[in-house]
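None of the figures in this text is laboratory data; all of them are computed from the coordinates on show. Everything quoted here is computed from the prediction, not taken from an experiment. As a convention, Cβ positions derive from the backbone with ideal geometry for all residues, glycine included, and neighbour counts pool all protein chains shown.
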Ligand SMILES: [Zn+2]
């Protein structure tokens, strides 16, 4: 029933993330490595004596965003992309790093890609993944498009989270920060021409047993918009979205969450199809009617430290909640 309803809903919805003409991907049944116990979102509410959520700084996240996009455009195959990889790696010193390098045959030819994973070991058996892409749109490579919000915002916040985790390693589940590559379409967004890095890594994690250890996969995309209104993504895992929403309520930020529902195609789908609970935290209403998305207007002045603080606080509170089980 759940799957039928979800599929019925997603086929009606436009592929809001990149191209409204695309057909959303459908979930494949029976691919979960091990049965997962599904709890109600309320059961994740932290007890009063639970350790506090990790504190992060929206200001520092925003400074990271500005520093990152000052490197210029970073489409796959470009010098800017190499600079972006080095920037991320240089800000992750002290973490256990894995680089998942591979070559992808794309609609625009063959490209080297690199998913970067920073692993912070916790004390509980299991992993929470925070993910977001760092590449910029290839078709816009000959413009000044720097993706301040689209790629820059999540990198800025994730690097701030990394710097806090370095000082205060996770008490609960391990936290892996995953900087995905090749999220953007190389010609036009379709299931085939998109999320190259995620497809590659999700397949690997499904094969080597990692997927079964991941408790939750939280995707951050376009979270820097000054006017923050995060969508409720109908392609994400409902109970996990509910945990996120309850975290938003506890941090008194619920007005910024889930007023609008839509089916989003993004980096989370290959991981969902590998049996992992996923939530795409995305505000795909960037400027009036999403007018700044994939334009040279996607610059740091359209983003704010306040929005990064809100998303950061809600994500940290979500992790605190997930650690109750
Ligand atoms: Zn994009």
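Residues of the range 158-184 with an amide N closer than 18 Å to a point placed 7 Å from the Cα of residue 89 along the Cα-to-Cβ direction: 159, 177-182.
Taking 25 Å as R0, compute the FRET efficiency from the Cβ-Cβ separation of residue 47 and residue 123 and round it to 0.05. Before the final figure, lay out the partial values.
Values: r = 17 Å, r/R0 = 0.70.
Efficiency computed from Cβ-Cβ geometry: 0.90.
Put a dot 7 Å past the Cα of residue 96, heading toward its Cβ, do the same for residue 260, and the two dots end up 4.0 nm apart. Each of residue 187 and residue 249 was given a label point 7 Å from its Cα along the Cα-to-Cβ line. The distance between the two points is 4.7 nm. Taking a ≥ b ≥ c as the square roots of the eigenvalues of the alpha-carbon gyration tensor, the chain is classed rounded because a/c is under 1.5.
Using only the Cα atoms of the range 126-282, build the gyration tensor, take square roots of its eigenvalues as a ≥ b ≥ c, and label the shape rounded, prolate or oblate: rounded if a/c is under 1.5, else prolate if a/b is larger than b/c, else oblate.
Working: a/c = 1.33, a/b = 1.12, b/c = 1.19.
Because its axes are fairly even, with a/c under 1.5, the range 126-282 counts as rounded.
Taking 35 Å as R0, compute the FRET efficiency from the Cβ-Cβ separation of residue 36 and residue 290 and round it to 0.05. Intermediate values should be presented prior to the final figure.
Working: r = 34 Å, r/R0 = 0.98.
After rounding to 0.05, the efficiency reads 0.55.
Kindly identify the range 169-245 as rounded, prolate or oblate by the Cα gyration tensor criterion: order the square roots of the eigenvalues as a ≥ b ≥ c, call it rounded if a/c is under 1.5, otherwise compare a/b with b/c, prolate if a/b is larger, else oblate. Walk me through the intermediate numbers first.
Working: a/c = 1.69, a/b = 1.05, b/c = 1.61.
Judged from the Cα gyration tensor, the range 169-245 comes out oblate (a/c at least 1.5, b/c at or above a/b).
Only DSSP H runs of four or more residues enter the estimate; each adds -39500 (n - 2.57), and after division by the residues of the chain the mean residue ellipticity at 222 nm equals -9500 deg cm²/dmol. Report note on the peptides 163-170, 179-186: ranked by the mean count of other C-beta atoms within 10 Å, highest first, their order is 179-186, 163-170. The distance from the alpha carbon centre of the range 173-199 to that of the range 276-325 is 17 Å, rounded to a whole number.
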